[in-house]
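Below: one structure, written as structure tokens.
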Amino acid sequence: MEEKPDLSRRTFLGMSALGVLGLAACGGSPAAPQVDIQVPKALLDQAAALRGGSVGMLSQKLYSEAANKALDKSLQVFAQATGTTVHNDLVSGDAGDMVAKMDAEVKAGTNRDLAFMSDQRFVGQLHNLGNLTDVTDVVQEMRSLYGEPATEATNYCVFGGRWFAIPYHFIASGMYLRKDWYAEKGLPLKPHYTWEELRDNALEVSDPSKRRFGWGLTVNRSGDANGFIANVINCYGGAIADNTGTKVVFNSPETVAAVTFIGDIYTNSKYAPMLPPGIGSWTDSSNNENWLAQILGLTLNQFSVYADSKTKKNPVYANTHPFNGATGPAIDQPLAFGQSNSFVVFKGTKNPDLAKLVAKFMVSGSALLGVAKEAPCLVNPAWNKVWDSDPYYSSGDPAFAALREQTRAPLPMRTRTGYAFPQAPSPGEQAATAAYLLTDMMQSVIQGTRPADAVASTHARIVQVFEQQGYKQ
Amino acid sequence: MTVLRPRSAPARPAPPASSSLTTSQRLLGRDWRLAAVFIGPTLVLVAGLILFPIVNSVLTSATERHGTETVFVGLGNYTALINDAVFHKGVLNSFVFTAYAEIFKVTLGLIAALMLHHMRRGRAVIAGVILLPWVVPTVVTAFTWRSLLDPIFGSVNVLLTDSGIGPALAAIGLVDKWPAEWLSDPTLALPAVILVNVWKGIPFFTVTFLSGLKAIDGGLYEAAIVDGASPWQRFAHITLPGLRNIMIVTVLLSSIWTFNNFDLIWLMTQGGPGDATAPYVMVAYSKAIQQLQLGAGAAVTLVMLPVVGILVVILVRMMRRGDLPGAGDMGRRRLTPAQRRALPWAVVVVSMLVLVWASPQIVWKAALVLGVFVVLAAAVGRVISALATRGNRLAARLVGGAGSGIALVGLLGFVLAPLYWMTVTAFKSGDQIVARTDDLWPTPWTTEQFTNLFTGGAFGTWYLNTILVSVASTVIALVCAALAGYALARLRFRGSQTFTVTILLTYVMPGALLFIPLYQMVSWIGLNDSLWSLVLAYPTFTLPFATWLLVGYFRSIPADLEEAALVDGCTRFGAFLRIVLPLARPGLLAVALFTLTNAWNEFLFAFVFITKDDYKTLPVGMQSMIFGDVVPQGQLAAASLLVSIPVVLMYGFGQRFLTEGLTAGAVKG
């Protein structure tokens, strides 16, 4: 992607402000009625030769029961129309061993044919294990049909110039704050804030006697914490690895500054009122639960909690101000480019052609529509022309315009220190994060270690992880 | 100290008549052919499902994965552990976790067993209630306790604050501040997790100690009373020695399981805050499964193998003790009897010292809590003795009754509180759960959680699957354990000790590390995503305990009965089927109950082997109800109720057999 050092104000707003305001209105219509799912003629023709075949598919569970059902329905329509069989099973991506299991299956030759999962989290790992087949041909075909995919996909699905995953649907992530609490204190609602602003605002809206805790981000072992800590470090100009993903560059003044900033929040008695008791033991579900219990002023999450609050008619929904993210000294725009759930075709698949056909079908118009309508804001088209394929994607919700802009975010985003995000998928970085090195580092800072020392020792540990993965430092 | 109790008549092997033995029989033992048939099934299961992954892990531990290639690194993974601070902390955590958990489980289990033993009425009901924590699936235990221990909304803090106990705890320094942050304070997180493990472990200890108590000859107590011994003296000189054997075996078994425990801590804290609660298994899991470096993970587990191995070896010796007195050390007496008696005490002292060094803040707190219990019990005991000696029988009985009544209420409260929360949560509306109001009472009462459960997921299917798997694996376990137990009890063949060690190897490797090589093997056979993989895997984990139990039980059946049958022309196998088995019914039932419960609640293997929703068992299905980061507490609670009730009923009827089975068999001698 061509580098654009200074984003025009319009693109800036287009990406963030609209998206944010739109997201607030997202899901305005109630659960959509039946969608008429049709298999496009082009695909039916291709399927003619594959009649009677069968494929097994694994789906990473979507955070909405209705969406999972709609997905199944799409598959069944496809199966019926083409005279094939599609077996679909759900797996949880948060259990921690999804990749290990898939790897074992591929090595044993008992794997399913295709699966879809978060490209940012898993595709790189599976590719590194050698379990994926090259699907560049499918992506090229889809490019001609559906236009360009979300910009982040080029980073997470492409290795050595070849595509190993097919973008399926786009997932945005965001931060949420309580706009009623902000309004009471006269704090402005903006499309994004700096991390310092967020911290200071959080302190201002806090009131423990009323069970109002402005800061709902933990540094305990969890996916949310990993994301939070990495984000702050990046916004301050640090990074775990360089842009190639192979060399560890963790220990830097910028990283120390970021770690100092985070550590201060959890150790300085000044900020004690804004921390909910027990935040030190939160795991991934805790911030959701506390947000839905309406005691948090700020949190970071995928849209699951947002969609949940809307569908369950939780009063917190009306008071939620979603926004793209925060900025720091090294970058003026939030590092918000989302991720996609993407299809992969495993090595050793018995029916690769049918598997690829299923993928082609699922990303398109009516197949995706049913799922998207059941999971507002959670499931969005990942391909440009699919956005245009149905009025629902443009007028069904004001949010979509902004979300669409996220898929077109000009990448990479560069920090002043030269790191370009998103960085190349790095098995070393993924392993280091999975080993909770970042959260353990923060814990030691909270226990009294000087940030500079904590960063230095964590750097050594990250180096060890990288070397174990085969990347000599 | 223990000469009072007569040992069961030792069945010394008669010297073989040289003319009737073939060469092979001389080499391998008289009954080796029959023994091979009997222990065959067990050996196959254990070798296939346990030995293979262990060997596989040893080989893998010498490798590193670089991308798609496997690189041989020799001892590199092991030497890396020398400087690995995370690994050191993990080992320390495991040790501390196990040590304290065992201490409390023994104490509380003993108290519960003593109370149950002396109860005249309602024993079955109370015993059934006390078994409940064992029956509840780990995923439910973890989330229930997490909710209860929540610093803001959790009932523990709310109740302790309202009653004033909480601030008092802070005042004396037991907790750093009030309200205490049970799971997020690094000094409180490990104690909190230990508490939950103790809660879950009390039933096992209670049941085994109860059976041990039943096995002690009542005549001894009468003799002691006649001689004027006080209740305390009777306890110290008859009860404790009588329980010694069963206590050691239970503690060893439980230690091995606790040391290798993974899922409870994983579900409660993920090892946090920081790495304050991460056991060594989690370190291994992180390396193997999350960083996808199987070799490094295997190395972590294998390094700890000697530790667990020592426990296993001691266990084997304890288990073999019963056959022939001193048989285990025939011709190999290295220690004098006095030294052997002192050995456990030496171990205890050394462990204490290590504990003090490893966890100074926990040590004094644990000592305080334990001390309170012990002092109270002792004080009540003294009062009763004093009153009794003064001839005030009635007062003594009243105080005794009141004392045990209060203790019983306390214990039951501890056991039942989380279950109460679970029950009421099952009847709360979704909105109430999310809003976290009225934690202890549904306002209003609703059955929406149950209806959602059945309309939402495949709950009914999961139930059916679990029943199928549990029953099938119990049958297999029974068959294997009965055959193997009989072989060990009656047949003479070389390698019986090796065999015992082999099946105990099952416990040496934590499940969290076994499952990947096992999964690979199961995939290779083509059994993944099939209930058969579970049916075959489950029995292996209960086989050691089950075999031990049945060995003891078979031994208690006089050999003369079978001899008579053999004289009458019956085959060994026929005698086994027609004479021994019917007489061993309580033992068989005990094994059945134990295996059934384990299968019912087993999570890890079901989670790994099964992906298809239609084939999931209850624990896995319930875990899958947790959608990423949204925990459906209400549905989980409702599911737990439905899951626990059959097991509770089963135990309500069957617990008598469980204790009888344990009593008559394993605990004697």
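Quick one: in region A:342-353, of everything that is in contact with a strand residue (DSSP E or B) (Cβ under 9 Å, 6 or more places away or on another chain) and surrounded by fewer than 24 Cβ atoms within 10 Å (Cβ to Cβ), which residue is modelled with the highest pLDDT? Reasoning before the result, please.
At the first step, the residues of region A:342-353 found to be in contact with a strand residue (DSSP E or B) (Cβ under 9 Å, 6 or more places away or on another chain) are A:342-347, A:349-352.
Of the ones still in play, those that are also surrounded by fewer than 24 Cβ atoms within 10 Å (Cβ to Cβ) are A:346-347, A:349-352.
Values: A:346: 94, A:347: 91, A:349: 89, A:350: 87, A:351: 89, A:352: 90.
Checking each candidate, the answer is A:346.
Can we say residue A:295 is within 14 Å of chain B (Cβ to nearest Cβ), at pLDDT 85 or above, closer than 26 Å to residue A:200 by Cβ and crowded, with 23+ Cβ neighbours inside 10 Å? Break it down stepwise before answering.
Details: within 14 Å of chain B (Cβ to nearest Cβ): yes; at pLDDT 85 or above: yes; closer than 26 Å to residue A:200 by Cβ: yes; crowded, with 23+ Cβ neighbours inside 10 Å: no.
When the stated conditions are applied, residue A:295 does not pass them.
Among (1) without any contact (Cβ under 8 Å) to a residue 24 or more places away in the chain; (2) under 30 Å from the mean Cα position of the chain (by Cα), which single condition is residue B:579 missing?
(2)
Can you spot a residue in region A:108-116 that is surrounded by fewer than 22 Cβ atoms within 10 Å (Cβ to Cβ), within 14 Å of another protein chain (Cβ to nearest Cβ), of a type outside the set (Asp, Glu) and free of Cβ contacts under 8 Å to residues at least 60 places away in the same chain?
Yes, that holds for at least one residue.
Could you list all residues from region B:240-250 that are among the β-branched types (Val, Ile, Thr) and either surrounded by fewer than 21 Cβ atoms within 10 Å (Cβ to Cβ) or on the phi > 0 side of the Ramachandran plot (or both)? Walk me through it before giving the result.
We begin by selecting, within region B:240-250, every residue among the β-branched types (Val, Ile, Thr); these are B:246, B:248-250.
Residue satisfying the conditions is B:248 alone.
Please determine, by comparing only the residues of region A:127-164 that are surrounded by fewer than 16 Cβ atoms within 10 Å (Cβ to Cβ) and of a type in the set (Gly, Ala, Ser), which one is nearest to the other protein chains (Cβ to nearest Cβ).
Result: A:130.
Quick check on region A:308-331. Is at least one of its residues within 14 Å of another protein chain (Cβ to nearest Cβ), under 23 Å from residue A:235 (Cβ atoms) and in contact with a Pro (Cβ under 7 Å, 6 or more places away or on another chain)?
No - not one qualifying residue is present in region A:308-331.
Any residue in region B:460-467 that is surrounded by fewer than 18 Cβ atoms within 10 Å (Cβ to Cβ), in contact (Cβ under 8 Å) with a residue 60 or more places away in the chain, within 14 Å of another protein chain (Cβ to nearest Cβ) and over 26 Å from residue A:291 (Cβ atoms)? Lay out the reasoning, then the answer.
Initially, region B:460-467 is screened for residues surrounded by fewer than 18 Cβ atoms within 10 Å (Cβ to Cβ), giving B:460-461, B:463-464, B:467.
Then keep just the ones that are in contact (Cβ under 8 Å) with a residue 60 or more places away in the chain; that gives B:461, B:463.
Next, from what is left, pick out any that are within 14 Å of another protein chain (Cβ to nearest Cβ): B:461.
Those left that are additionally over 26 Å from residue A:291 (Cβ atoms): B:461.
So far as region B:460-467 goes, yes, one or more of its residues are surrounded by fewer than 18 Cβ atoms within 10 Å (Cβ to Cβ), in contact (Cβ under 8 Å) with a residue 60 or more places away in the chain, within 14 Å of another protein chain (Cβ to nearest Cβ) and over 26 Å from residue A:291 (Cβ atoms).
If I ask for residues that are of a type in the set (Phe, Trp, Tyr) and free of Cβ contacts under 8 Å to residues at least 24 places away in the same chain, which ones from region A:291-323 would you list? Can you show your working first?
Step one: list which residues in region A:291-323 are of a type in the set (Phe, Trp, Tyr), which gives A:291, A:303, A:306, A:317, A:323.
Matches in region A:291-323: A:317 only.
Return the residues of region A:199-211 that are over 15 Å from residue A:176 (Cα atoms) and more than 9 Å from chain B (Cβ to nearest Cβ); say none if nothing qualifies.
Looking only at region A:199-211, we keep the residues that are over 15 Å from residue A:176 (Cα atoms), and these are A:200, A:203-204, A:206-211.
Within region A:199-211, A:200, A:203, A:204, A:206, A:207, A:208, A:209, A:210 meet the criteria.
If the requirement is being among the hydroxyl-bearing types (Ser, Thr, Tyr), surrounded by fewer than 23 Cβ atoms within 10 Å (Cβ to Cβ) and away from chain B (no Cβ under 14 Å), which of these qualifies: A:236, A:182? Working first, answer last.
On the way: A:236 fails: surrounded by fewer than 23 Cβ atoms within 10 Å (Cβ to Cβ).
On inspection, the qualifying residue turns out to be A:182.
Kindly indicate the residue of region A:271-289 that is at pLDDT 90 or above and surrounded by fewer than 24 Cβ atoms within 10 Å (Cβ to Cβ) and also farthest from the other protein chains (Cβ to nearest Cβ) among those meeting that condition.
Initially, region A:271-289 is screened for residues at pLDDT 90 or above, giving A:271-276.
Subset that is surrounded by fewer than 24 Cβ atoms within 10 Å (Cβ to Cβ): A:271-273, A:275.
Values: A:271: 15, A:272: 11, A:273: 14, A:275: 10 Å.
Step by step, filter region A:271-289, then rank; the result is A:271.
If I ask for residues that are among the aliphatic types (A, V, I, L, M), within 13 Å of chain A (Cβ to nearest Cβ), buried (at least 22 other Cβ atoms within 10 Å of the Cβ) and in a helix (DSSP H, G or I), which ones from region B:592-647 would you list?
Hits for region B:592-647 are B:606, B:608, B:620, B:622, B:636.
If I ask for residues that are over 30 Å from the mean Cα position of the chain (by Cα) and within 14 Å of chain A (Cβ to nearest Cβ), which ones from region B:167-190 would you list?
To start, the set of residues in region B:167-190 that are over 30 Å from the mean Cα position of the chain (by Cα) comprises B:167-173, B:176-179.
Selection gives B:170, B:176, B:177, B:178, B:179.
At least 1 residues that are within 21 Å of residue B:272 (Cβ to Cβ) and modelled with pLDDT under 95 in each: list the helices (runs of 4 or more DSSP H) lying fully within region A:164-262 that qualify. It would help to see each step written out before you state the result.
Values: elements: A:179-184, A:195-205, A:223-235.
Those helices (runs of 4 or more DSSP H) span A:223-235.
Identify, by number, the condition in (1) more than 24 Å from the chain's Cα centre (by Cα); (2) modelled with pLDDT of 50 or more; (3) not hydrophobic (A, V, I, L, M, F, W, C) that residue A:9 doesn't meet.
For residue A:9, the failing item is (2).
For region B:217-235, indicate whether the set of residues that are within 14 Å of chain A (Cβ to nearest Cβ), acidic (Asp, Glu) and assigned to a helix (DSSP H, G or I) is non-empty. Lay out the reasoning, then the answer.
Taking region B:217-235 as the starting set, the residues that turn out to be within 14 Å of chain A (Cβ to nearest Cβ) are none.
Scanning region B:217-235 turns up no residue that is within 14 Å of chain A (Cβ to nearest Cβ), acidic (Asp, Glu) and assigned to a helix (DSSP H, G or I).
Restricting to region A:419-465, what's the tally of residues that are closer than 21 Å to residue A:119 by Cβ, more than 13 Å from chain B (Cβ to nearest Cβ) and part of a loop (DSSP other than H, G, I, E, B)?
4
Working carefully through the options B:107, B:42, B:70, find the one that is under 25 Å from residue B:246 (Cα atoms) and either part of a strand (DSSP E or B) or within 20 Å of the chain's Cα centre (by Cα) (or both). Before the answer, list the steps.
Details: B:42 fails: either part of a strand (DSSP E or B) or within 20 Å of the chain's Cα centre (by Cα) (or both); B:70 fails: under 25 Å from residue B:246 (Cα atoms).
Sole residue among the options that is under 25 Å from residue B:246 (Cα atoms) and either part of a strand (DSSP E or B) or within 20 Å of the chain's Cα centre (by Cα) (or both): B:107.
Please find, within region B:140-166, the residue that is farthest from residue B:622 (Cα to Cα) out of those that are more than 31 Å from the chain's Cα centre (by Cα) and more than 14 Å from chain A (Cβ to nearest Cβ).
Step one: filter region B:140-166 for residues more than 31 Å from the chain's Cα centre (by Cα), giving B:152-153, B:158, B:161-166.
With the extra rule that they be more than 14 Å from chain A (Cβ to nearest Cβ), the set shrinks to B:162-165.
Working: B:162: 34, B:163: 35, B:164: 37, B:165: 35 Å.
That would be B:164.
Check region A:33-54 and report whether any residue there is in contact (Cβ under 8 Å) with a residue 24 or more places away in the chain and under 23 Å from the mean Cα position of the chain (by Cα).
No, every residue in region A:33-54 fails to be in contact (Cβ under 8 Å) with a residue 24 or more places away in the chain and under 23 Å from the mean Cα position of the chain (by Cα).
Could you say which residue among A:336, A:318 is at pLDDT below 90 and touching a Gly at 6+ places or on another chain (Cβ under 8 Å)? Write out each step before concluding.
Details: A:318 fails: touching a Gly at 6+ places or on another chain (Cβ under 8 Å).
Checking each option against the conditions leaves just A:336.
Under the condition of being among the small types (Gly, Ala, Ser), in a helix (DSSP H, G or I) and over 21 Å from residue B:263 (Cβ atoms), which residue from region B:478-525 is nearest to the other protein chains (Cβ to nearest Cβ)? Show your work before the answer.
Keep residues of region B:478-525 that are among the small types (Gly, Ala, Ser), which gives B:481-482, B:484-485, B:487, B:489, B:495-496, B:511-512, B:523.
With in a helix (DSSP H, G or I) added as a condition, the list becomes B:481-482, B:484-485, B:487, B:489, B:496, B:511-512, B:523.
If we keep only those that are over 21 Å from residue B:263 (Cβ atoms) too, we end up with B:481-482, B:484-485, B:487, B:489, B:496, B:523.
On the way: B:481: 30, B:482: 34, B:484: 31, B:485: 35, B:487: 35, B:489: 40, B:496: 36, B:523: 3 Å.
By that ranking, first place goes to B:523.
State whether the residues of region A:382-399 include one that is touching a His at 6+ places or on another chain (Cβ under 8 Å) and buried (at least 23 other Cβ atoms within 10 Å of the Cβ).
Filtering region A:382-399 down to residues touching a His at 6+ places or on another chain (Cβ under 8 Å) leaves A:382.
This time we only want the ones that are buried (at least 23 other Cβ atoms within 10 Å of the Cβ), so: A:382.
Taking every residue of region A:382-399 in turn, at least one turns out to be touching a His at 6+ places or on another chain (Cβ under 8 Å) and buried (at least 23 other Cβ atoms within 10 Å of the Cβ).
Show the residue pairs that are 6+ apart or on different chains and have beta-carbon atoms under 7 Å apart, the first residue being within region B:274-299 and under 29 Å from residue B:188 (Cβ atoms) and within 7 Å of chain A (Cβ to nearest Cβ), the second being surrounded by fewer than 24 Cβ atoms within 10 Å (Cβ to Cβ) and among the charged types (D, E, K, R).
Hits for this filter: B:275/B:89; B:289/A:97.
The values are calculated or read from the model by the stated rules, or taken from the named source; none is laboratory data. A quick note: this is a predicted structure, and the numbers were derived from the prediction, not measured. FYI the Cβ positions are ideal-geometry reconstructions off the backbone, even for glycines, and counts take in every protein chain you see.
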